[in-house]
Amino acid sequence: MWRKATKGMILQAKQIAERLRSYRDTKDPLCITPRPRLEELEKSGAASVDLRLGTWFVASRARRVPFLDINREEHSEQKFARTTYVPFQGVFVLHPHAFVLGATLEWIRMPRDLAGYVTGKSSCGRQGLVIETAMGVHPSFTGCLTLELANVGEVPIVIRPGMLICQLFLHETTEGTEFADQSKFIGQGRPVLGSLGEDPIYRRLGEEEPVIPPSDG
């Protein structure tokens with residue numbers, strides 16, 4: 001049985017391996033599929049688990065729309081983006097200053113008492129390939145993680161499905177914060193083009209009369 005970490009503390013590689021190894025004996029397990037090589041994970045001495053790049057990519061169709069209003073529009077992937085499948089042994093070329101959505105190869109199931117965040121591999125970042133900084137993963141999340149990939153360099157970058165792309169840090173939640181993630185991205189196996197969705201407070205701000213401050217005179 002895995003040993004419990006101090007609440008709120010980041011799990012070490014050995015604790016992550018213990019969690020993954022004991023999934024059959026736990027009612028609410030941590031699962032990562034394909035499962036990492038646990039012996040190598042334990043020996044790494046890290047505080048995270050590496051994840052690989054999947055086979056699906058979503059890129060924007062810049063010529064189809066003059067702009068995107070992320071506050072007002074539900075984005076249709078057929079209108080705003082194109083989806084590309086790249087098989088293993090294939091390549092995807094990310095041109096300078098280009099942006100594309102990818103996803104992890106691994107399918108992840110988070111238990112209720114764990115949360116996490118994702119950072120890019122520093123070896124990729126040094127070549128100009130970056131992903132979203134500290135992407136949050138909520139308790140009870142299930143699915144592949146969407147990755148926001150950008151080439152901030154001046155040379156095209158070749159990326160390949162199956163390559164190590166990011167690292168997942170895990171930490172136990174504090175007492176009383178266990179909950180089930182209700183995100184609309186639960187269960188996704190491909191990268192998803194999302195939107196901010198309905199924001200009633202933002203809508204009310206636009207409906208109310210503006211407040212004019214009194215003049216000094």
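Considering only DSSP states other than H, G, I, E and B, which trypsin sites (Lys or Arg not before Pro) in segment 22-62 qualify as loop sites with at most 16 other Cβ atoms within 10 Å? Each step should come with its number before you reach the end.
Working: sites: ARG24, LYS27, ARG37, LYS43, ARG52, ARG61; in loops: LYS27, ARG37, ARG61.
Passing both the DSSP loop test and the Cβ count: LYS27, ARG37, ARG61.
Return the loop-located trypsin sites (Lys or Arg not before Pro) in segment 90-168 (DSSP other than H, G, I, E, B) with at most 10 other Cβ atoms within 10 Å of their own Cβ; answer none if there are none. Let's see the in-between values first.
Numbers: sites: ARG109, ARG112, LYS121, ARG126; in loops: ARG112, LYS121, ARG126.
Here the trypsin sites (Lys or Arg not before Pro) that fit, given the DSSP loop and packing criteria, are ARG126.
Which order do the peptides 90-96, 140-146 come out in when sorted by mean C-beta neighbours inside 10 angstrom, highest first?
On the way: 90-96: 13.9, 140-146: 21.0.
The densest-packed peptide leads the list: 140-146, 90-96.
Each reported figure results from applying straightforward, stated rules to the coordinates on display, with no laboratory input. The structure presented is a predicted model; accordingly, all values stated were derived computationally and were not measured. With ideal geometry, Cβ positions are generated from the backbone for all residues, glycine too; neighbour counts draw on all protein chains shown.
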